[in-house]
1. When LYS330 is evaluated against the numbered criteria (1) at pLDDT 85 or above; (2) open to solvent by 70 Å² or more (accessible area, probe 1.4 Å), which criterion, by number, is the only one it fails?
2. Filter region 272-304 for residues that are over 17 Å from LEU231 (Cβ atoms) and aromatic (Phe, Trp, Tyr); which is surrounded by the most Cβ atoms within 10 Å (Cβ to Cβ)?
3. Is there any pair linking a residue in region 97-114 that is under 17 Å from LYS47 (Cβ atoms) to one that is acidic (Asp, Glu), with Cβ under 6 Å and at least six apart or on different chains, and which?
4. Could you tell me whether PRO257 is open to solvent by less than 40 Å² (accessible area, probe 1.4 Å) and under 44 Å from the mean Cα position of the chain (by Cα)?
5. Take LYS153 and decide whether it is open to solvent by 50 Å² or more (accessible area, probe 1.4 Å), closer than 30 Å to LYS35 by Cβ and modelled with pLDDT of 75 or more.
6. Return the residue satisfying two criteria in turn: it lies in region 81-123 and is acidic (Asp, Glu) and closer than 15 Å to THR53 by Cβ, and of such residues it is farthest from the chain's Cα centre (by Cα).
7. Could you run through region 153-207 and say how many residues are under 57 Å from the mean Cα position of the chain (by Cα), more than 28 Å from LEU230 (Cα to Cα) and not basic (Lys, Arg)?
8. Got a sec? Which of ILE179, ILE221, ILE208 is over 28 Å from GLU292 (Cα atoms) and among the β-branched types (Val, Ile, Thr)?
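The values are calculated or read from the model by the stated rules, or taken from the named source; none is laboratory data. As the structure is a prediction and not an experimental result, all values here were calculated from the model. Here the Cβ is made from the backbone with ideal geometry for all residues, glycine too, and neighbour counts use every protein chain on show. Only protein heavy atoms, including side chains, enter the accessible area calculation; ligands, DNA and RNA are left aside. Shrake-Rupley method; radii C 1.70, N 1.55, O 1.52, S 1.80 Å.
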Amino acid sequence: MHEDGSILFIATFIIVVLIVLFIIFHIIKKRRSAKYRAIIDNLEREKNLIASTPVPSELSKIEPIIKNEKMEEKFNDWQEKFEKIKKTDLSRIDDMIVELDIYFDKKDYKSCRYRIAKTELEIYKAREKANHLLEQIMEITLSEEKYRSIVTKLKTKYRKENKEYQQHKDLYDDVQEAISLQLENIEKRFLDFEKAMDANEYNEVVHIVKALDTMIDHMGIIVEEVPDVLLMAKQLIPKRIKEVEAVWKEMEEVDYPLSYLNLEYNIQEANNNINTILDKVKVLNLEDCMFELKTILDYLDSLFVDFEKERLSRKVYEEIDKDFSKKLKKTNKLVEDVYAQLDDIKKMYDLNDEDLEIIKDVNKTLVVINDDYKKLVGQVGQATSPYSIMHKEIEDLTIRLKQMEESFDIALKSLGNMYDDEQRAREQLTEIEGFLKRCKVKIRSYKLPIITDNYFVQLAEANEAILEVIKELEKKPIVIPVLNTRVDTARDLVLKLYNTTNEMIKTAQMAEMAIVYGNRYRNDYSEIDSGLLQAEKEFFKGDYKKSLDTSIRTTKLVDENIYKKLLAVYDD
C-alpha cells in the first residue's frame, strides 16, 4: 500500500511539471511572436513616414519663384529624385515587409531575423535620401527669410560701427580714406545681396552674406583698434623713446656703462617696426599690430627698470667697495706681517705642517683676491661692464675675503694658543715654585724631631719636575704639548708635596696636643702613663700618625671625646 502511494505521488509530480513546462513554453512562444509582430509593424510605420516626407509641399513653394534655368534644373532634379525614392526604394521595402509577414505567419523566426536586419538597412538608406533631399529644398525655401534676417542684423551692426567711426573721424588720421573705401565696399555688398535675392540666386547669396559678415567684423576691429594703434605708434611710443634717450644720455655723461643694453640698435629697430605697422594700418591690416606695439612699449618700460637697477647697483657697489678696500688693506697688512714673521714663529714654536699650510694657503688666496679686485677696479674705470655685474662681483669678492679671514683666524688662533700656552706655563711655573717655597718654609717653621723620607722623596720629585719645565721653556722651538705635560706633572707633584707637608705637620701637632692633654691623667692611671710613654717614643721616631693613634687610644680610657676636642682645638 505504501509503494502504491509513492508511485501515485511521483506520477502526479511528473504531470504537474509537464503542465508547468508547457505553459512556460507557450508563454515564451507567444511573447516572441508578439515581439516580431511589433518589429514588423514598426518597420511599416517607418516606411510610411518616409513616404510622407513633405518634399512635394516644399517643392510647391519653389515653383512660383523659379526665375532662371539653373533653379528650374534643380527643381526638376529634386522631383525626379523623390519620385525615384517612392517608386524604387519604398516599393522594394514594401516587398520586403510582405515577405516578412509570410515568414512570420510560418513561425520561421530565424529567417525573420535576417530579413528584419536587411529591411532596417533599406529603410535607413531611403530615410537618409529623403531627409537630404528635403534639406536641399528647404535651403531654398527658407533662404529669403533666413538670409534677410542675417543681413538685417549685419546692417544694424554696420550702422553702429559706421556711426562710431563718423563721430570720431578725426582720431583715424590718414587712415580715413582707406576706411571710407572699405565702407563703400560693404554698402556695395548690401546692394549685391538685394540683386541676388531678387534673381533668386541663392548660391550667390551664401557667398555675399559670408563676405559681409567677414568685412563687417573686420571693420569693427578697425573702428575699435585703429585709434589706439595710431595713438601708440605716433604719440606714446615716440614720447617714451625720447624719455629713454634723455635718461640714457644723462647716465652716460656720469660714466654709467650702458653699452650692454644695445640701446641705439634696439631703438632704431623699434622705429622701423613702428613705420612698418603704420604702413600696414594704412591698408587696414591690423594683424599683430597691437601686440607688436605693446611689445615695443613693454621693452621701453623695461629700460627704465634697467636704468634704476644700474643706479642702485652703482650706489651699492660704491658702498661695498669702500668697506672692502679698507678691509682688504688691513688684511693685507696683517697677513704680510704674519707671513714675514713665519720663520721666527717656526723657530719659537714647533709648528706642524697643517698650521704652516693654512698660513701659506691664506697668502695664496689673498694674492688671487687682490688680483681680481684690481681687474674689477680696472673694469669700472674703463666703463666696460655694467654696475649690476660689478655689484655682484664685489659681493663675491667680499664673501671670498671673509672666508679667507676665517681660515686665517684659525691659523692665528692656533699660533695665539701656542703663545698663550707658553705664557700660562711661565705663570704656572711661578705659582708652582711659590707653592714649593711655602712647603719648605712651613716644614722649617714647625720644628719636627724627624722629617720622614717620604717628604724628601716627594720634594726631590717636585724639584726635578720644575727643572723639566724650565728646560722646556728654554728650548727653541718650544714643543707646546710637551711643555703642557711638564707643567701638569710639576703642578701635581708640588701639590702632592704640599698636601703631604700639611698632613704631616697636622698629624704631628695633634699627636703632641694629645700627649700634653693626657699628661694630666698620668699620675692617677698607670695604663695612661705607659701608653703615653709609648706615644712619646713613636713621636720622636717620626711616626706621628702612630703616635697620634696611640695617644688617642690611651686617653680614651678616661675621656671618650678626646678626638673631637683635639679637632676643635686644631681648627681654632
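1. With (1) at pLDDT 85 or above; (2) open to solvent by 70 Å² or more (accessible area, probe 1.4 Å) applied to LYS330, the lone miss is (1).
2. If we take residues in region 272-304 being over 17 Å from LEU231 (Cβ atoms) and aromatic (Phe, Trp, Tyr), then TYR299 is surrounded by the most Cβ atoms within 10 Å (Cβ to Cβ).
3. Here the result reads ILE97/GLU44, each pair linking region 97-114 to a residue that is acidic (Asp, Glu).
4. yes
5. When the stated conditions are applied, LYS153 does not pass them.
6. Residue satisfying both the conditions and the ranking: GLU83.
7. 2
8. Being over 28 Å from GLU292 (Cα atoms) and among the β-branched types (Val, Ile, Thr) holds for just one of ILE179, ILE221, ILE208, which is ILE208.
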